[in-house]
Each structure stands twice: as structure tokens, then as C-alpha cells.
1. Residues with beta-carbon under 11 Å from that of Val60, excluding Val60: net charge, scoring Lys, Arg +1 and Asp, Glu -1?
2. Can you give the three extents of the C-alpha atoms in the chain along their principal axes, from longest to shortest, in whole Å?
3. Which residue, chosen from Pro61, Ala30, Val48, occupies the Cα position most advanced towards the positive end of the dipole of region 12-72, where the dipole is computed from +1 (Lys, Arg) and -1 (Asp, Glu) charges on Cβ about the Cα centre?
4. Would you check the accessible area of Val43, probe 1.4 Å, heavy atoms only, in square angstrom rounded to 10?
5. Sorted by accessible area with a 1.4 angstrom probe, largest first, how do Arg22, Arg90 fall?
6. Given a 1.4 angstrom probe, I'd like the percentage of the accessible area of the chain that is carbon and sulfur, rounded to a whole number.
7. Solvent-accessible area per residue for the chain at a 1.4 Å probe radius, Å²?
8. Provide the solvent-accessible area of Lys19, counting protein heavy atoms only and rolling a 1.4 Å probe, rounded to the nearest 10 Å².
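The values are calculated or read from the model by the stated rules, or taken from the named source; none is laboratory data. None of the values given here were measured: they were computed from a predicted structure. Glycine also receives a Cβ, built like all others from the backbone with ideal geometry; neighbour counts cover every protein chain displayed. Keep in mind that these areas ignore ligands, DNA and RNA; they rest on the heavy atoms of the full protein, side chains included. Shrake-Rupley method; radii C 1.70, N 1.55, O 1.52, S 1.80 Å.
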Amino acid sequence: MKIAVLKIKLYAPWVHSLKEKRMIVKSILAKIRNKFQVSAAEVEDPDVHQSVVIGVAAIVPHSAQADSMMDEIVRFVEQNTEAEIVAEEREIR
């Protein structure tokens with residue numbers, strides 16, 4: 001059994017208020033949780049309007065499945081938000 005941890009940093013230049021940011025974050029987190037059955041939350045920069053950092057964690061049977069799932073999540077985020085992915089960190093424990 002392995003734990004897959006993924007952190008995705010997004011940049012949303014059109015966001016000018018925390019209210020706008022919250023709408024984006026709530027939407028993408030709900031979509032990730034529903035589609036992949038993983039834990040997901042905003043993990044950094046809660047007061048920075050244009051920066052969104054999402055953390056995702058899941059328990060998987062082996063490393064290959066962890067890599068595959070993280071690739072799918074990154075593609076899903078790219079397709080379901082207008083924000084640009086500027087960084088991602090992966091860890092398998």
C-alpha cells in the first residue's frame with residue numbers, strides 16, 4: 001500500500017478578490033473529490049488572490065497506480081480550470 005501526495009500550484013491572473021478565488025477553489029476541489037475519490041484541499045496561500053495551491057492525497061495499492069492517478073488529476077485540472085499550472089510536486093510514500 002502506498003500514499004500518493006500531489007501539490008498543484010495554479011496562477012489565475014483574472015482573480016481580483018478572495019470571493020472570486022473561493023468560487024474557483026471550491027469548484028475544482030469538489031470536481032477532483034467526486035471524480036477521483038481522493039482527499040483534496042487548498043494547502044497554501046489562502047489570502048493571495050491570484051495563487052491557488054491544491055493538495056491531493058490518496059491511498060493506492062502500488063506506485064504505478066499512484067503515478068497514473070496523479071497524471072490523470074493534473075490533466076483533469078488543466079481541462080477544468082482556466083488557471084495556469086505553474087508548478088507541481090509529487091511524492092509517493
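1. Values: positive: Lys2, Arg93; negative: Asp67.
It works out to a net charge of +1.
2. 42, 20, 17
3. Ala30
4. My reading of the accessible area for Val43 is about 80 Å².
5. On the way: Arg22 135, Arg90 95 Å².
In descending accessible area the options line up as Arg22, Arg90.
6. Details: 2850 of 5590 Å².
Solvent-exposed carbon and sulfur of the chain make up 51 percent of the total.
7. Accessible area per residue, the chain: 60 Å².
8. In the full protein context, Lys19 sits at about 140 Å².
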